[in-house]
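Below is one structure, written out as structure tokens; comments come after it.
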Amino acid sequence: MTVQYEELYKRLEKLGGYDLEKINRAYNLAERCHEGQLRISGEPYIIHPIAVAKICAELQLDTDSICAAFLHDTIEDCPDKANLQMIKKEFGSDVAEIVDGVTKLKIPFVTKQDESIENLRKMFMAMSSDIRIILIKLADRLHNMRTISSHRSPLRQKEIAEETLSIYAPLAHRLGIFKIKSELEDLSIQVLEPERIADIKLSLAAEKEERDSFINEQIARIRSALAEAGVKAEVNGRIKNYYSIFNKMRRQQKELSEIFDLNAIRIIVNTVRECYESLGIIHTLWKPIPGRFKDYIAMPKQNMYQSIHTTLIADNGMPFEVQIRTWDMHRIAEYGIAAHWRYKEGKSADADFDKKVEWLRQMLEWQQEVGDSREFMETVKHDLVNDYIYVFSPKGDVYELPSGSVPLDFAYRVHTQIGHQTVGAKVNHRLVPLDTELQNGDIVEILTAKGRGPSRDWLKIA
Ligand code: MN
């Protein structure tokens, strides 16, 4: 038994609720199977499945997930010592199905058009049959990325990083697993842009003291104001990940010193009510910047993320962002869909979880309609990467639309008939052209006339 496994075992014991006997058996089988095998780095292979299981434990996945994590490479790497029937007999059909799913789920490079589509399709199939397959796949990729530099050619490293950035990180984002998403991004960008990231790290280190003292000053004021109002809260600072900083600098052609939201302050409280109380309190301390306020508590993001974001102007004129959330929201912000898993044990209904699966079903249906694999690929990539906006009907119903949507898209979303009969649109009570791009929070009113058919020009707009 390895030291690494003993550590993990102790951790699981402490977390509680795990079938440790079953986990032991899975580990022992994995150890037997991979005996004598080495990773490219020269370490014993078993280090890898243990690390993957450890990441699954951090995500607080269930017993079957941990077992499957140990066994995830056995069928492929040692078919003479393990097979599906055997795993099914020893560990049950769930573990067998997850191992099977992880084994089959290969995503080759995006540039290999048709093959990759075929596999993406499988991936989605697998995912809608059991989300744990994807979670283990993400954990697998995370460990491979953490250890990438020691054992691959530079070209191969870049290919893997590229793939991680274009498929795995967006997937983690889509499932709301921020912790894995941001680590995958940072590991990938360090492989792809080593000089730029080294520069960013150096500059960050150089200005660290100044930035820290600025943020600590604001944190101290928030803490005392909240304490005075009797709001129990944890207040701390968080720094943007390297990938986001790199992206922002590139996209907006900015220097590091011109990026104001490098640091944000996070307030974590017990109740939703206290979120809004805290918001009120900090808005009396500093002036908020108009247009930077976002209430993802009232309108959660599609990946279940909830928080209030606001940007304030400090006394010295420096803007800084504050995020306010409850502890429950914090857990979901960090672990996303995984946060729901452990207590679910299979079948119990969970609205958010069903919504995720619903998204996948839609993707699959689309793919069948679209047919052309290249277009499907674009759709998937678009859907994985792009954000959504939320707009209101005049009655106050909230609709989710892809960003870039126009009033006509909204009309068709409400009802096909309304879409067909559209003659004009008002956004925030003002008449606008039908191709106006909608923004978050817009109130959209569609003007209709009976007997109007869709116009040919609309094909260009909607
Ligand atoms: Mn693996």
Please give the solvent-accessible surface of Val102 in Å², to the nearest 10, using a probe radius of 1.4 Å with every protein chain present.
0
Which value in nm describes the separation of the simple spin-label points at Met86 and Asp315, placed 7 Å from the Cα toward the beta carbon?
7.0
Probe 1.4 Å, all protein chains present, accessible-area order of Asp435, Asp140, Asp94, largest first:
Asp435, Asp94, Asp140
Sum up the lysine pairs in segment 162-249 that clear both bars: alpha-carbon distance under 26 Å and a spacing of 8 or more or different chains.
15
First select every other residue whose beta carbon is under 12 angstrom from the beta carbon of Lys426; then total the charges, Lys and Arg +1, Asp and Glu -1.
-1
Rounded, prolate or oblate (a/c below 1.5 giving rounded, otherwise prolate when a/b exceeds b/c) for segment 1-96 by Cα gyration tensor
oblate
Give me the accessible area of Glu162, 1.4 Å probe, in Å² rounded to the nearest 10.
110
For segment 1-53, with only Lys/Arg (+1) and Asp/Glu (-1) charged at the beta-carbon, what is the dipole magnitude about the Cα centre, in debye rounded to 20?
100
Heavy-atom accessible area of Val235, protein chains in place, probe 1.4 angstrom, given in Å² to nearest 10, is 10
Calculate, in nm to one decimal, what Glu228 and Thr2 gain on full extension: separation in residues at 0.36 nm each, minus their alpha carbon distance.
76.2 nm
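The values are calculated or read from the model by the stated rules, or taken from the named source; none is laboratory data. This structure is a prediction, so every number in the text was calculated from the model and none was measured. Using ideal geometry, Cβ is built from the backbone for each residue, glycine included, and neighbour counts are taken over all protein chains shown. For accessibility, only protein heavy atoms count, side chains too; no ligands or nucleic acids. Shrake-Rupley method; radii C 1.70, N 1.55, O 1.52, S 1.80 Å.
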